[in-house]
1. Out of the residues in the range 151-201 that are farther than 16 Å from residue 55 by Cα and of a type in the set (Val, Ile, Thr), which is modelled with the lowest pLDDT?
2. Name every residue in the range 52-104 that is closer than 22 Å to residue 199 by Cα and among the acidic types (Asp, Glu), in order of residue number.
3. Picking from 72, 52, which residue would you name as being modelled with pLDDT under 95 and either among the small types (Gly, Ala, Ser) or in contact with a Pro (Cβ under 9 Å, 6 or more places away or on another chain) (or both)?
4. Could you grab me the full set of residues in the range 79-89 that are surrounded by fewer than 14 Cβ atoms within 10 Å (Cβ to Cβ) and out of contact with any strand residue (DSSP E or B) (no Cβ under 8 Å at 6 or more places or on another chain)?
5. Where residues in the range 170-186 are hydroxyl-bearing (Ser, Thr, Tyr) and over 13 Å from residue 198 (Cα atoms), which of them is surrounded by the fewest Cβ atoms within 10 Å (Cβ to Cβ)?
6. Within the range 77-95, can one find any residue that is modelled with pLDDT under 95, more than 26 Å from residue 155 (Cβ to Cβ) and either among the polar types (S, T, N, Q) or in contact with a Ser or Thr (Cβ under 6 Å, 6 or more places away or on another chain) (or both)?
Amino acid sequence: MRIGLLGGTFDPVHIGHLVMAEEARLRMGLERVLFIPAGAQWMKTAGEISPSDARAEMVRAAIADNPAFELSLVDVERPGPTYSVDTLRLLRDQLGQATELFFILGQDALEQMPEWHLPREMLRLCTLVVMPRPGVPPLDWDALERRLLGVRERSRFLGDAPQVQVSATEVRRRITAGESVRYLVPEAVLEVIRRRGLYRN
């Protein structure tokens, strides 16, 4: 079985996340894509992100109409900082050694990966599915390979994938300012945001 993994803060989940997941699913022949909201992130302090239950509810609403998409609470249900390598280890144990794991990420995140916790262990556990990002210069694979040996062999770069220029930061800013985010997030997600009063001053 081939399973895609798309982790993130998802604060909120938006159409860019959904496009990435669907493109990876189709291009890599994935049976399922797991959306994995982050728990306590080592890069962010408490109070900087919305509660995990709110972020999980937004993801659940966003993916409800796609039977190949699934919410995983593996990160929000465990204590302590969330490291991607630990997520991969847990899912490897849960899904079994016969399951192939495909870790979906943007090119900008890939370029930061050498600074992540145990990145070489991540390469052993999964294949990276890398999406281009708007405005990001072409990837220097030689330079990246010098910083993280083996990354090129373990990566599949979908260079012609659709690029959606939307960010959660911009969505939050627009909501706070009272501006429209219609078509930037699914309507079901917008309903959760309204009901919970998220991102309002």
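The values are calculated or read from the model by the stated rules, or taken from the named source; none is laboratory data. Predicted model, so just to flag it, every value in this text is computed and none were measured. A quick note on method: Cβ atoms are made from the backbone with ideal geometry, for glycine too, and the neighbour counts reach across all protein chains shown.
1. Across the range 151-201, the extreme among qualifying residues is 164.
2. 53, 57
3. Criteria check complete, one pass: 52.
4. none
5. The selected residue is 180.
6. No, the range 77-95 contains no residue that is modelled with pLDDT under 95, more than 26 Å from residue 155 (Cβ to Cβ) and either among the polar types (S, T, N, Q) or in contact with a Ser or Thr (Cβ under 6 Å, 6 or more places away or on another chain) (or both).
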